[in-house]
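Asks: This is the structure I want to talk about, given as structure tokens.
The values are calculated or read from the model by the stated rules, or taken from the named source; none is laboratory data. Predicted model only: the values in this text are computed from it and were never measured. A quick note on method: Cβ atoms are made from the backbone with ideal geometry, for glycine too, and the neighbour counts reach across all protein chains shown. Protein only, heavy atoms only, side chains kept; ligands, DNA and RNA dropped before computing areas. Shrake-Rupley method; radii C 1.70, N 1.55, O 1.52, S 1.80 Å.
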Amino acid sequence: MSTKKINYSAAYSFADSAVSAVRNPSGIGPDDVIADFFGFRSPEFFEEIEKPQKYTLLHTFIHSVNGFWIQHYLGKVDGEIIISDYGWLLDGAGIPRPAWFTTQEVEDHIDELRDIRETATTTITDAAFQLLFSDRTFLFEFGKFMRPFISQLQPGEHPCIASPGVVKRSYFPVWLKNAVFHRDKGRCQLCGCDLTNILVPTEARHIDHMVPLMASGTNDPTNFQLTCESCNTSKGARVHATSHLTYPYW
């Protein structure tokens, strides 16, 4: 896997907006508005819940929550406000400010700025995802946040819906297994036992749905945790996760 440079300076703001929206959804609108933020029932939505995709439901949600307000009033305010409110976005995405990005000229380049805004929002969304994917406690909240929407889905809407509110099980690609293993530091996230195969030989490493499919969970990468065989089999179809277990730096 190649390395990637990530600027987290603007990502914290994007991540905070997504977390706030999940924990206080009434603050962003009724259910039909919230559903639009992850493209509920769109072809892309079904692709994301059907099997693990590298561009996840959470990517879509972060992008929509942050992109909505950024796009909403572009072209409706004066140049000084645009420079103030969009300058940090370009800087955070590492996009050089165009020569016309001044209070005197920016209002004549709204269409170009919309294109740049989309690129910047996409770049910062990915950085925000990297922050939030490391927080399994929030990911569990996000999975529970999605349950009422998944529970509405019916067989016939898409081949991935096995029964009312239940998504068919999917395979786990290698890249997902590796990501979950490294995020969870090789420890079962329910009992804390070592699964690295370094200290103690083990073949009991499992990838578990935090919100089970039978409980309206999804196959989105954000819904998985590392567990041992014993914890995974005893958990069954319960909606259960503990606080994120990790090693502190000191």
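Asks: Considering only residues that are in a loop (DSSP other than H, G, I, E, B) and among the β-branched types (Val, Ile, Thr), which ones fall in the stretch 184-225? Show your work before the answer.
Replies: Here is the first cut: in the stretch 184-225, the residues in a loop (DSSP other than H, G, I, E, B) are 184-186, 188-193, 195-204, 210-212, 216-220.
Hits for the stretch 184-225 are THR196, ILE198, VAL200, THR202, VAL211, THR218.
Asks: To continue, here is another question. Only residues that are modelled with pLDDT under 95 and out of contact with any strand residue (DSSP E or B) (no Cβ under 8 Å at 6 or more places or on another chain): list them for the stretch 216-232, please.
Replies: Passing the criteria: only SER230.
Asks: While we're looking at this one, here's another question. If THR218 satisfies all but one of (1) within 18 Å of the chain's Cα centre (by Cα); (2) polar (S, T, N, Q); (3) open to solvent by less than 40 Å² (accessible area, probe 1.4 Å); (4) farther than 24 Å from PHE149 by Cα, what's the number of the condition it fails?
Replies: Unmet for THR218, out of (1) within 18 Å of the chain's Cα centre (by Cα); (2) polar (S, T, N, Q); (3) open to solvent by less than 40 Å² (accessible area, probe 1.4 Å); (4) farther than 24 Å from PHE149 by Cα: (4).
Asks: If a residue has to be open to solvent by 30 Å² or more (accessible area, probe 1.4 Å), under 28 Å from LEU57 (Cβ atoms) and of a type in the set (A, V, I, L, M, F, W, C) to count, how many in the stretch 82-117 make the cut?
Replies: Of the residues in that region, 3 qualify.
Asks: Pairs under 8 Å by beta carbon, first residue on the phi > 0 side of the Ramachandran plot in the stretch 192-205, partner not in a loop (DSSP other than H, G, I, E, B), six or more apart or different chains?
Replies: If the second residue must be not in a loop (DSSP other than H, G, I, E, B), the pairs left are ASN197/ARG205.
Rundown of residues vs (1) farther than 19 Å from SER134 by Cα; (2) touching a Cys at 6+ places or on another chain (Cβ under 8 Å); (3) hydroxyl-bearing (Ser, Thr, Tyr), yes/no style:
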site	(1), (2), (3)
CYS188	no, yes, no
CYS191	no, yes, no
ILE198	yes, no, no
PRO201	yes, no, no
HIS209	no, no, no
GLY217	yes, no, no
PHE224	no, no, no
CYS228	yes, yes, no
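Asks: Condition first: under 16 Å from LEU132 (Cβ atoms), touching a helix residue (DSSP H, G or I) at 6+ places or on another chain (Cβ under 9 Å) and not hydrophobic (A, V, I, L, M, F, W, C). Can you find one or more residues in the stretch 24-39 that meet it?
Replies: Within the stretch 24-39, not a single residue is under 16 Å from LEU132 (Cβ atoms), touching a helix residue (DSSP H, G or I) at 6+ places or on another chain (Cβ under 9 Å) and not hydrophobic (A, V, I, L, M, F, W, C).
Asks: Please enumerate the residues belonging to the stretch 45-61 that are under 19 Å from THR123 (Cβ atoms) and open to solvent by 10 Å² or more (accessible area, probe 1.4 Å).
Replies: GLN53, LYS54, TYR55, THR60
Asks: Hey, could you check the stretch 118-165 for residues that are in contact with a helix residue (DSSP H, G or I) (Cβ under 6 Å, 6 or more places away or on another chain) and aliphatic (A, V, I, L, M) and say which is surrounded by the fewest Cβ atoms within 10 Å (Cβ to Cβ)?
Replies: LEU131
Asks: Return the total of residues in the stretch 195-215 being open to solvent by less than 50 Å² (accessible area, probe 1.4 Å) and either closer than 17 Å to PHE138 by Cα or of a type in the set (A, V, I, L, M, F, W, C) (or both).
Replies: Of the residues in the stretch 195-215, 10 are open to solvent by less than 50 Å² (accessible area, probe 1.4 Å) and either closer than 17 Å to PHE138 by Cα or of a type in the set (A, V, I, L, M, F, W, C) (or both).
Asks: Continuing with this model, one more query. Quick check: is even one residue across the stretch 186-194 open to solvent by less than 80 Å² (accessible area, probe 1.4 Å), among the aliphatic types (A, V, I, L, M) and within 19 Å of the chain's Cα centre (by Cα)? Walk me through it before giving the result.
Replies: We begin by selecting, within the stretch 186-194, every residue open to solvent by less than 80 Å² (accessible area, probe 1.4 Å); these are 186-194.
Subset that is among the aliphatic types (A, V, I, L, M): 190.
Those left that are additionally within 19 Å of the chain's Cα centre (by Cα): none.
Checking the stretch 186-194: not a single residue is open to solvent by less than 80 Å² (accessible area, probe 1.4 Å), among the aliphatic types (A, V, I, L, M) and within 19 Å of the chain's Cα centre (by Cα).
Asks: Sticking with this one: I need every pair where a residue in the stretch 18-44 that is over 17 Å from THR121 (Cβ atoms) and open to solvent by 80 Å² or more (accessible area, probe 1.4 Å) has its Cβ under 8 Å from the Cβ of a residue that is modelled with pLDDT of 90 or more and not in a helix (DSSP H, G or I), sequence separation at least 6 or different chains.
Replies: ARG41/LEU153; ARG41/GLU157
Asks: Is it the case, given these coordinates, that LEU176 is buried (at least 17 other Cβ atoms within 10 Å of the Cβ), at pLDDT 90 or above and not in a loop (DSSP other than H, G, I, E, B)? Break it down stepwise before answering.
Replies: Details: buried (at least 17 other Cβ atoms within 10 Å of the Cβ): yes; at pLDDT 90 or above: yes; not in a loop (DSSP other than H, G, I, E, B): yes.
Criteria met by LEU176.
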